[in-house]
Amino acid sequence: MKGFVNVPRASRILKNRDEAPDIKTYTLAFEAWHEVQPGQFMELFVEGFWEIPISVAAVEEGAVLLTIARVGKVTGALFRHREGECVGLRGPYGRPWPMEELRGRRVLLVIGGLGLAPVRMVIERLAGPEITLVYGARSPELLLYRYRYPEWQQRGMQVLLTVDRADETWQGPVGVVTTLLNPELVQAHEVALVAGPPIMMKFATKALEEMGLPPDRVYVTLENHMKCGVGLCGHCRIGDKYVCVDGPVFRLDEVRHLETWAAGEVL
Amino acid sequence: MKQLRWSDIQQLLKTLQAEGYQVLVPKKNAWGDWFPEEGIPEAWPEDFENYLFPFLRDLVLPSPEPVFEVRNHELCEAHILEFGKIAFFGARACDATALAYTDHFYLERAVRDEHYARRREQLVVITVACTRPCEASFCLTMEAGPWARRGFDVQLYPRRDAPWLAEAGSPIGERLLAPFADTPEQARDQWLQEVLPRFEKLDRSKLRYPLDPETRQYLADRCFACGGCIWLCPTCTCYNERTLPGTQTVVREQDACLLAGYHRMAKGASLRPTMNEMMGFRYECKLGIGSCVGCGRCSVTCIGHAAMEAYLERVR
């Protein structure tokens, strides 16, 4: 990318959809929507503030869909915006999931919380009998995109869900996402994708390895603080890697020796 | 290799002036600190060690710097901050080496930063190699001094009672030096033989990341998190972005990895909540990635004995 001058383009909010308390999916006008690859992210600007990195959950003609939790100043300001108002968008950035490698293989998705957003495009493209989604959230209402599960299941994808805390509506398993993993399930797959809060990724990757999936067949997506998105501002660096350009998707063996590759309790 | 008398050097600077360059040279203020000022010096200031700040960095990466603006709800590119054509005379090897590092970082990686590029194109760097080490520097160890291997257009080697030696580091440098007399390359070897024994050269392999855990904690315990080392480091280029309060202008401004806010994410979560982790992050950049040029400014400014000098003491 030559001649970079970090200026976002104005983008209209076409739609916003409530996903869960304090989590919405914004459909934002974006001309280059067809350039977005699964796992990439956009820099989102809200007037009066600064830019934040947000994974692309899905694309549709002329737009990108970003699932956003209200956690900080920028997202707080965004949540006050209505449909028809404008924000700024720049991207897409980052190394995507290795789609060529995933196609036709048995893929296990081990996902926690908001981590379903950066893998949703993978699922929309690949959902089928070779794919298994193992997904956990803190509570049933925080399970994202529940309206999509029926179609994914219809296409043959297995969806295994768990929640940390059940409510009266919940009939399924209770516990962290790793409680759904077992050697038989793990070994029935050739590749795993892991996305979620850092602490969850740390435990999930450890479990996958112990259950027989080597690190060179596990991919993770890191959610470090990607301020500029193009490898200049320094914030997302881990070791000699810049998460925004060398990632956010990494093969586990590329990063797990690096300090704080998945440290801190985020989200 | 060329040789230039002082009057030749003045002539070279006048040529640059005639070409529209603002010639900046070292000038000492009343308190003994060196700043760049416009002019052509009568003589080389023998007591000049180095500029107080890494001015070369600040000329290519000013902070804060407007990036874009919101005008009537449209997002518009801000005017690129430019300083015009500048010939920076008397840059030290460490700062020129740092410039080569930031050139690579901002121009040759994933993107070419247009703001940086525009200012860099208008900058001519004339280094004067050092004949004695300055306070707390360890440039020879870092291969960034006392003479520069890269990052300059013209490099001068001062000699007593003899014309200075000069070499070109770029096509502009070649052109500027073309009118002057040649001298054999060996002249520089002689210069090095005379000067280098005054500089300490540590075993570079000892300066490495990861630090031993005890040293890392020692440094972390002594850091006051003032950020001084980072404002003065010629290779510290990390920046943050925000809308300047009361305006619609989004700027990028220098950020400091020894301040907790650098590592803080939404909701206050931090990837590196302790000083030990932040210190590791900094040293990983300076020694692991290898951006340190050994200028010593961090040690001079550090109020807590946590900068490079403290580290080197433990390595020695």
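From its DSSP helices (H runs of at least four residues, each -39,500 (n - 2.57)), chain B gives a residue-normalised ellipticity at 222 nm of -8500 deg cm²/dmol. Among beta bridges from DSSP that stay inside chain A, the antiparallel ones total about 60%. Taking a point 7 Å out from the Cα of B:ASP161 in the direction of its Cβ, the residues of the stretch B:42-56 whose backbone N falls within less than 19 Å of it are B:44, B:46. Take the Cβ atoms of B:GLN217 and B:ASP182, set R0 to 56 Å, and the FRET efficiency comes out at 0.50.
Remark: C-alpha extents of the stretch B:162-316 on the principal axes read 64, 47, 24 Å, sorted largest to smallest. Most tightly packed first, judged by the mean number of other beta-carbon atoms within 10 Å of their residues, the peptides B:22-32, A:235-245, A:33-43 read A:235-245, A:33-43, B:22-32. For B:ARG149 and A:ALA10, the FRET efficiency from 1/(1 + (r/R0)^6), where r spans their Cβ atoms and R0 equals 56 Å, is about 0.75. Tilt of helix A:116-126 relative to the longest C-alpha principal axis of chain A, in degrees (0 to 90, nearest 10)? The answer is roughly 70 degrees.
Looking at the stretch B:11-144, I'd like the Rg to Rh ratio, where Rg is from alpha-carbon atoms and Rh is Kirkwood's inverse mean 1/r.
1.02
Separation of the alpha carbons by more than 19 angstrom is noted, of B:LYS85/B:LYS286; A:LYS24/A:LYS227; B:LYS206/B:LYS286; A:LYS206/A:LYS227, for B:LYS85/B:LYS286; A:LYS24/A:LYS227; A:LYS206/A:LYS227. Hey, how many Å between the Cα centroid of the stretch B:11-40 and the Cα centroid of the stretch B:88-106? What the calculation gives is 18 Å, centre to centre.
Here the 3J(HN,Hα) profile of the stretch B:166-181, calculated from phi with Karplus coefficients 6.51, -1.76 and 1.60 at θ = phi - 60°, is 9, 9, 9, x, 7, x, 5, x, 4, 5, 5, 8, 3, x, 9, 6 Hz, Gly and Pro shown as x. Neighbours of A:LEU89, meaning other residues whose beta-carbon lies under 12 angstrom from its beta-carbon, give a summed charge of 0 when Lys and Arg score +1 and Asp and Glu score -1. Shape analysis of the stretch A:92-183 based on the Cα gyration tensor places the equivalent ellipsoid semi-axes at 23, 14, 13 Å, largest first.
Counting only the Cα atoms, the stretch A:9-93 fills a convex hull of 82 Å³ per residue.
Reported to the nearest whole Å, the Cα centre-to-centre distance from the stretch B:140-183 to the stretch B:225-288 is 35. Using only side-chain charges placed at the Cβ, +1 for Lys and Arg and -1 for Asp and Glu, the dipole size of the protein assembly as shown relative to its Cα centre rounds to 360 debye. The modelled label-to-label distance between A:ARG82 and B:CYS226, using points 7 Å beyond Cα along the C-beta direction, is 5.2 nm. With coordinates expressed along the principal axes, the C-alpha atoms belonging to the stretch B:80-201 extend over 45, 37, 22 Å, beginning with the largest.
The value for the stretch A:99-255 of Rg(Cα) / (2.2 N^0.38 Å) is 1.04. Taking the charge dipole of the protein assembly as shown about its Cα centre, with +1 at Lys and Arg Cβ atoms and -1 at Asp and Glu Cβ atoms, the residue from A:HIS225, B:ALA307, B:THR141 reaching farthest to the positive side is A:HIS225. The tail of the calculated P(r) for the stretch A:156-231, taken as Cα-Cα distances beyond 20 Å, holds 42 percent of the pairs.
Shielding value for B:259-270 is 5, the average number of Cβ atoms from other chains within 10 Å of each residue's Cβ.
Tell me the mean residue ellipticity at 222 nm calculated for chain A from its helices only (DSSP H runs of n ≥ 4, each -39500 (n - 2.57), averaged over every residue, nearest 500).
Values: 8 runs with 53 residues, N = 267.
For chain A, the value works out to -5000 deg cm²/dmol.
For the residues A:MET211, B:MET278, a 1.4 Å probe over the protein chains yields an accessible-area ranking, largest first, of A:MET211, B:MET278. Please report the base-10 log of the normalised intensity I(q)/I(0) for chain A, using a Debye sum with one equal scatterer per alpha carbon and no solvent, at each q in 0.12, 0.13 (1/Å). Reported log10 I(q)/I(0), two decimals: -0.70, -0.83.
For chain B, give the share of DSSP beta bridges that are antiparallel, in percent and rounded to the nearest 5; count only bridges with both residues there.
On the way: 28 of 39 bridges.
Bridges in chain B that DSSP calls antiparallel: roughly 70 percent.
Within the protein assembly as shown, DSSP assigns beta bridges of which about 65% are antiparallel (rounded to the nearest 5).
By the scheme Lys and Arg +1, Asp and Glu -1, what is the net charge of all other residues having a beta-carbon under 14 Å from that of B:GLU241? Write out the running numbers ahead of the final one.
Numbers: positive: A:LYS73, A:ARG90, A:LYS227, B:ARG242, B:ARG252; negative: A:GLU43, A:GLU47, A:GLU51, B:GLU65, B:GLU69, B:ASP113, B:GLU253, B:ASP255.
Combined, the nearby Lys, Arg, Asp and Glu give -3.
Sites listed here are GluC sites (Glu not before Pro) in the stretch B:221-277 whose DSSP assignment is loop and whose Cβ has at most 12 other Cβ atoms within 10 Å, and the list is empty. Using a simple spin-label model with pseudo-atoms 7 Å out from Cα toward Cβ, B:ARG112 and B:GLU313 lie 4.6 nm apart. Just how far, in whole angstrom, is the stretch A:34-104 from the stretch A:214-267 if you go by their alpha carbon centroids? Computed from Cα coordinates, the inter-centre distance equals 18 Å. Peptides A:57-67, B:79-89, B:180-190, A:85-95 ordered by packing proxy, namely the average of other Cβ atoms within 10 Å per residue, highest first: A:85-95, A:57-67, B:79-89, B:180-190.
Quick check on chain B: take the gyration tensor over C-alpha atoms, sort the square-rooted eigenvalues as a ≥ b ≥ c, and tell me if it's rounded (a/c under 1.5), prolate or oblate.
Numbers: a/c = 2.18, a/b = 1.26, b/c = 1.73.
Since a/c reaches 1.5 but b/c is at least a/b, the shape of chain B is classed as oblate.
Only protein heavy atoms count here; on that basis, with a 1.4 Å probe, B:SER63 has an accessible area of about 70 Å². Summing Lys, Arg as +1 and Asp, Glu as -1, what charge do residues with Cβ under 13 Å from the Cβ of A:TYR135 carry, A:TYR135 excluded? In short, +3. The orientation-averaged projected area of the convex hull spanned by the Cα atoms of the protein assembly as shown comes to 29.7 nm².
FRET efficiency for the pair B:SER205 and A:ARG125, taken as 1/(1 + (r/R0)^6) with r the Cβ-Cβ distance and R0 = 45 Å, rounds to 0.40.
The values are calculated or read from the model by the stated rules, or taken from the named source; none is laboratory data. A quick note: this is a predicted structure, and the numbers were derived from the prediction, not measured. In this analysis, Cβ positions are derived from the backbone assuming ideal geometry, glycine residues included, and neighbour counts consider all displayed protein chains. The area values use the complete protein model at the heavy-atom level, side chains included, leaving out ligands, DNA and RNA. Shrake-Rupley method; radii C 1.70, N 1.55, O 1.52, S 1.80 Å.
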